[in-house]
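In what follows, a single structure is set out as structure tokens and then discussed.
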Amino acid sequence: MIKKQFSRLLLTLFLLGLLSFSTDQPVQSRQRLILDILMEGLTASHYSPMNIDDNFSEKLFDLYLKRLDFNKKFLLESDINQLSVYRKKIDDEIRNGTFEMFLMSNQLISKRILEREMICREILAKPFNYETTEEFETDADKIPFCKSEQQLKEEWRKSLQFQTISRLHELLEEQEKKIEKKDSLYVPKPFDSLEVLARKKVLKINEDWFKRLKKVTEKDRFAAYINCITALYDPHTEFFPPKEKKQFDQSMSGQLEGIGAKLQQKDGIIKVTEIVVGSPSFKQGDLKAGDAIIKVAQGEKEPVEITDMELDDAIELIKGKKGTEVRLTVKKPDGSEKIIPIIRDVIQLDDTFAQSAVLKVGSSKIGYIRLPVFYSDFTRNGARRCGQDIKTETKKLKEFGVDGIIIDLRDNGGGSLSEVIDMVGHYIVSGPVVQVVKKRGGRPEVHRDYNSEIVYDGPMAVMVNRNSASASEIFAAAMQDYKRAVIVGTSDATFGKGTVQQFMDMDNYLTAEYDTVKPLGAVKITMQKFYRVNGGATQLKGVIPDLVLPDAYSEIESGEKELDYPMQWDEISPADYKSWAGTDISKLKLQSSARIKKNSSFELVKEQAEFFKRKKDDTKYSLNLKKFREEEKSLLAKSKKFEAIRTDIKNFDTELLQEDLNRILQDTAKVTKEKKWAQSLKKDVHLFETANILEDFLK
């Protein structure tokens, strides 16, 4: 279908004369070619094509400016006014294949970067007033563009003073600890010396940043401009220049093959979107989805600031040889900073596979299955499939004689659709599992389980959280619609990604005579949408759990709805399915709520959630050194208090199946690792409560 659509596209382009290209033509000809192929491709293949009109132009203008100068440290209000003449004209430029607004903005930002570099050096040449009562606003959305050069210079001064105070606090903390330990080899430095050192560190960080900014080419900014166009369609439709597409294809871990974390850059901030199961990051345990990486150090060497760094440059700093250490300074969602040391290693895929254990709560034995990702034999070379593995684990637990089973899909970002259908089939007689629509308003294609065999028909619970996405949401939704399991969540809804993307390589649609323009890149286009068997989409709304447990991040908005221009929720006609009898959810809620009120760990979780919310909303920081240090120490004390949430829970025990231990008996490292995993479950207060909920169900 895609090939046919693009064949028609190429014929249109030939008739328009848009492919009369030679290497002697200016860069704009190549840009026009990319833009025209992209727009035709979006029109022909996107699930929900858009009208390219004045409304589209205004949205594109706002999003482009937001991404061009996200922290409002370069452009002035007069620059914005100068560009605003194109606010309703970009749709005409797209149709005409012109780039006046883009070219003007590129010249402006390049000029302003050079000017701001001079300001930065000037400000850092002398000490700051550390006894001031001023505050620095870190959220650029709360401030307008500056009206004058003097006002902008003041904003730069506050920003650099904030950076310097942060470094000075670190130096003072380090010195105070060495003095407290009575380190005889350490010679304390006077405040003035530490202050100069702090400014030097900040100057070096900013000089490196400006070097990177000056390396950004018109070609790079054009790709960013194109991605503002694709972002208006939905957050997952994206243009990949050749270099980025190659990096995307390199490994299953996305871009960070050295530590196993997937990253996304937005508004100059590099954030972790997913931790690859079994990777060094996963094993170390401190790096989480949602963390912003702000500095990278090679072992004990000086850290490098990566805010505003190109993603591929940051990747080069983070990845490295097996056995070497990288230290990431990350900013947690609550605003606190933490240094996370990770030893680079080869990702061990064994950790992506399903694991099971037996939980003992009250008088019940509950089977527990953790599924980190919906893996499958994508290469058809005999690799393991999660559908078969889940069947095996379920049978083992059933033979052991468990009273119920919990399937844990927390932080499971999805995977194979066919495996989801297989998995659901283990717990229902047969029937539809998910509906897929390939074009808005199109006829749904119903994906069914045809196998009437039921592997397990006993009580079940499914655990989800805000990072359970895509295939995880399909499984949870099907189990909920069939009333086959109680859905227990640590957020009010799952992630809300109910769309499917497919890559289309632009080079595949050019004939041999245009080899000189290759490579153009690729575009990832949203082409399908998932719907539950009850007719509702998982898109945007996700799956709403039957029971919601207190969570530290419950007050912080996240998920698909927080991304730019997500596709909307809708519904279609339900499929023909027959649900189970189900259970009285209202009674389970009352019993769970009563337990939660008496549980001190959950009280701490609630306190932590309120603390995180206050910190997220409070985006101003004092520029008074004494006050700043007091606030940082208070923040650290709070963080230590919340560590008590992860302690062994009374009247809650876990054990591995002897069959699993016998299988790895000769590998002492694996035995130790599996036992450690089982022991860690005893500290999981959300798992403990889910086991209690299932015991209530049994009674």
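Miscellaneous remarks
- Tyr186, sole failed condition from (1) open to solvent by 20 Å² or more (accessible area, probe 1.4 Å); (2) at pLDDT 95 or above: (2)
- Enumeration of residues in the range 427-448 that are part of a loop (DSSP other than H, G, I, E, B) and in contact with a strand residue (DSSP E or B) (Cβ under 9 Å, 6 or more places away or on another chain): Tyr427, Ile428, Val429, Ser430, Lys438, Lys439, Arg440, Arg443, Pro444
- Of the residues making up the range 377-428, those that are of a type in the set (Asp, Glu) and free of Cβ contacts under 8 Å to residues at least 24 places away in the same chain are Asp377, Glu399.
- Answer from Ile119, Ile52 - the residue that is of a type in the set (Val, Ile, Thr) and either out of contact with any Asp or Glu (no Cβ under 6 Å at 6 or more places or on another chain) or within 24 Å of Thr307 (Cα to Cα) (or both): Ile119
- Residue within the range 483-496 that is in contact with a helix residue (DSSP H, G or I) (Cβ under 8 Å, 6 or more places away or on another chain), open to solvent by less than 40 Å² (accessible area, probe 1.4 Å), among the small types (Gly, Ala, Ser) and closer than 30 Å to Lys438 by Cβ present: yes
- Whichever residue in the range 664-683 is open to solvent by 60 Å² or more (accessible area, probe 1.4 Å) and aliphatic (A, V, I, L, M) and, among such residues, is nearest to Ala609 (Cα to Cα): Ala669
- Hits in the range 429-448 - residues which are touching a residue at least 60 places away in the same chain (Cβ under 8 Å) and within 30 Å of the chain's Cα centre (by Cα): Val433, Val434, Gln435, Val436, Val437, Lys438, Lys439, Arg440, Pro444, Val446
- Every condition in (1) modelled with pLDDT under 90; (2) surrounded by 12 or more Cβ atoms within 10 Å (Cβ to Cβ); (3) closer than 21 Å to Asn467 by Cβ; (4) not polar (S, T, N, Q) holds for Glu557 except the one numbered (2).
- Check on Thr164, farther than 27 Å from Glu337 by Cβ and among the hydroxyl-bearing types (Ser, Thr, Tyr): no
Residues are listed down the side, and each one gets a yes or a no for (1) touching a Cys at 6+ places or on another chain (Cβ under 8 Å); (2) in a helix (DSSP H, G or I); (3) farther than 29 Å from Leu76 by Cβ; (4) in contact (Cβ under 8 Å) with a residue 24 or more places away in the chain:
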| position | (1), (2), (3), (4) |
| --- | --- |
| Lys147 | no, no, no, yes |
| Phe162 | no, yes, no, yes |
| Ile165 | no, yes, no, yes |
| Leu172 | no, yes, yes, yes |
| Gln175 | no, yes, yes, no |
| Lys178 | no, yes, yes, no |
| Lys182 | no, no, yes, no |
| Lys200 | no, yes, yes, no |
| Arg212 | no, yes, no, yes |
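Each row is one residue, and each column tells you yes or no for (1) of a type in the set (A, V, I, L, M, F, W, C); (2) under 18 Å from the mean Cα position of the chain (by Cα); (3) open to solvent by 70 Å² or more (accessible area, probe 1.4 Å); (4) closer than 27 Å to Asn692 by Cβ.
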{"site": "Pro550", "(1), (2), (3), (4)": "no, no, no, yes"}
{"site": "Asp584", "(1), (2), (3), (4)": "no, no, yes, yes"}
{"site": "Ala594", "(1), (2), (3), (4)": "yes, no, no, yes"}
{"site": "Glu607", "(1), (2), (3), (4)": "no, no, no, yes"}
{"site": "Arg614", "(1), (2), (3), (4)": "no, no, yes, no"}
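- For the range 368-384, the set of residues classified as open to solvent by 10 Å² or more (accessible area, probe 1.4 Å) and out of contact with any helix residue (DSSP H, G or I) (no Cβ under 6 Å at 6 or more places or on another chain) consists of Arg370, Asp377, Phe378, Thr379, Arg380, Asn381, Gly382, Ala383, Arg384, listed by residue number.
- Flag if Lys360 is touching a strand residue (DSSP E or B) at 6+ places or on another chain (Cβ under 9 Å), part of a strand (DSSP E or B) and of a type in the set (Lys, Arg): yes
- The one condition in (1) surrounded by fewer than 15 Cβ atoms within 10 Å (Cβ to Cβ); (2) in a loop (DSSP other than H, G, I, E, B); (3) not acidic (Asp, Glu) that Arg410 fails to fulfil: (1)
- Subset of the range 275-286 [touching a residue at least 24 places away in the same chain (Cβ under 8 Å) and either more than 12 Å from the chain's Cα centre (by Cα) or in a helix (DSSP H, G or I) (or both)]: Val277, Gly278, Ser279, Pro280, Ser281, Phe282, Lys283, Gln284, Asp286
- Test for Lys365: is it in a strand (DSSP E or B), open to solvent by 10 Å² or more (accessible area, probe 1.4 Å) and in contact (Cβ under 8 Å) with a residue 60 or more places away in the chain: no
- From the list Val296, Val304, the lone residue that is among the hydrophobic types (A, V, I, L, M, F, W, C), open to solvent by less than 60 Å² (accessible area, probe 1.4 Å) and closer than 30 Å to Lys676 by Cα is Val296.
- Unique residue being farther than 27 Å from Arg646 by Cβ, within 16 Å of the chain's Cα centre (by Cα) and at pLDDT 85 or above when the list is Ile294, Ile269, Ile306: Ile269
- Residues that are in a loop (DSSP other than H, G, I, E, B) and free of Cβ contacts under 8 Å to residues at least 12 places away in the same chain within the range 550-570 comprise just one, Glu557.
- Any hit, the range 644-654, residues being part of a helix (DSSP H, G or I), open to solvent by 50 Å² or more (accessible area, probe 1.4 Å) and either out of contact with any helix residue (DSSP H, G or I) (no Cβ under 9 Å at 6 or more places or on another chain) or within 30 Å of Ser586 (Cα to Cα) (or both): no
- Across the range 214-224, a minimum of one residue is classified as modelled with pLDDT under 90, assigned to a helix (DSSP H, G or I) and out of contact with any strand residue (DSSP E or B) (no Cβ under 6 Å at 6 or more places or on another chain).
- Odd one out for Ala469 among (1) under 27 Å from Leu681 (Cα atoms); (2) in contact with a strand residue (DSSP E or B) (Cβ under 8 Å, 6 or more places away or on another chain); (3) crowded, with 21+ Cβ neighbours inside 10 Å: (2)
- Members of the range 225-264 that are among the polar types (S, T, N, Q), assigned to a helix (DSSP H, G or I) and modelled with pLDDT under 90: Gln247, Gln250
- Enumeration of residues in the range 133-164 that are touching a strand residue (DSSP E or B) at 6+ places or on another chain (Cβ under 8 Å), closer than 21 Å to Lys627 by Cα and open to solvent by less than 50 Å² (accessible area, probe 1.4 Å): Phe136, Glu137, Lys158, Ser159, Gln161, Phe162
- Checked against the criterion of being at pLDDT 95 or above, open to solvent by less than 80 Å² (accessible area, probe 1.4 Å) and within 30 Å of Leu397 (Cα to Cα), the candidates Leu698, Leu687, Leu661, Leu625 yield just one match: Leu687.
The values are calculated or read from the model by the stated rules, or taken from the named source; none is laboratory data. Predicted model only: the values in this text are computed from it and were never measured. Note that we place each Cβ from the backbone using ideal geometry, even for glycine, and neighbour counts take in every protein chain shown. In case anyone asks, the SASA skips ligands and DNA or RNA and just uses the protein heavy atoms, side chains included. Shrake-Rupley method; radii C 1.70, N 1.55, O 1.52, S 1.80 Å.
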